[in-house]
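Presented below is the structure to which this report refers.
Rule-based calculations on the coordinates, nothing more; no lab input. Note that the coordinates shown come from a computational prediction; the quantities given were computed from them, not determined experimentally.
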Amino acid sequence: MDPCPFVRLIVESLALKLPQATKPAGSGVYPTTTPCFCKLRLKNFPSQTALLPLSSSSGDSPPESSTSAAGFHLDALALRRLSGKPVTLRIEVYTGRMGHTCGVSSGKLVGRVQPTAKLHLTVKSEPDPRFVFQFGGEPECSPVVFQIQGNIRQPVFSCKFSADRSRSRSLPPDFSNKNRGWMRTFSGEKERQGRERKGWMIMIHDLSGSPVAAASMITPFVPSPGSDRVSRSNPGAWLILRPNGFSVSSWKPWGRLEAWRERGPIDGLGYKFELVTENGPNNGIPIAEATMSIKKGGQFCIDRRVSRDPSALSLRSPVKGFVMGATVEGEGKVSKPVVQVGMQHVTCMADAALFIALSAAIDLSMDACQLFSRKLRKELCHDHEHDSFS
């Protein structure tokens, strides 16, 4: 099937020019060395945040250097909705650090483009075709995965979930001894049975039944001492695996996903994810992260334009831009993850299967990070005695 049409609206070459100070800058909002950032808002789209360097260019000349800022992704439905209508981009400028501290925003609002300030920016659009997939059910229920194009749904993968508390059963037979660097231990006294969630694994098969990708829980999800939740100091982790050659018993790691709960700005505690890829000299470099609402869920996105270190992305294609996005639901909701994969990053269906496995691990992590005072659904607790990796 062909990919779905998407358009990427890019806001770049952002720079802020402030009026010349008439006296030495003090601790106000306009010292020339103060870092700035901005929030870009487009109606009915999630806001985007970007660094906003200060420009020293004279007159109305453009900034000395260009910096990629933020992007909005428009699917076919959004394109039809916005066709022929004016689109307003709203920009809010802040000083201080990006992000939140103890749930409170660290930045201070300067204004929505102050009359005395000049904002340089470039807005352009470019085609961004993607393959779209959706799980036919919750990952722990071993669903079929469909490729979506408009109203057409075509099955392309099947999933097999297992929950075996034996660590050795959740990895390929010879994987542990050769890849100890990926095995992460947790501090403190060994947790008792029932106080750890371990041994989860999901296999992705193509339509012929051959395994093409997998996600295996490599580090148990355990509560921090004195609490009933998984914390940043001791996150749970998954390995995302791909076949190594033609043997179904030989696998190699593609990446590691860590997950925990932490305080967020919206509704208290949220889920935090961090993806690290394994690819030669780039091994161990975080290249994607996301925070999701416990109640609403959210999206995990790999996008080179917003990556902290774009050169670290563990993909063969040198093309920059959107790589993948996975949307999952929050606690208490039926979650059938929707996965988008940039067309330039799929040379065969096995490439897409990696992102399906990653998306399943993200969704399952939201269950694994639930408070340990809560009881998990039976599909997540049952030990399958006869499941094997292949």
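Things worth noting here:
- Amide H contacts under 5 Å for Ser231, placed H, 5+ residues apart: Ser224, Arg261
- Pairs beyond 30 Å (Cα-Cα), from Lys336/Lys375; Lys39/Lys160; Lys272/Lys378; Lys39/Lys296; Lys43/Lys375; Lys85/Lys333: Lys39/Lys160; Lys43/Lys375; Lys85/Lys333
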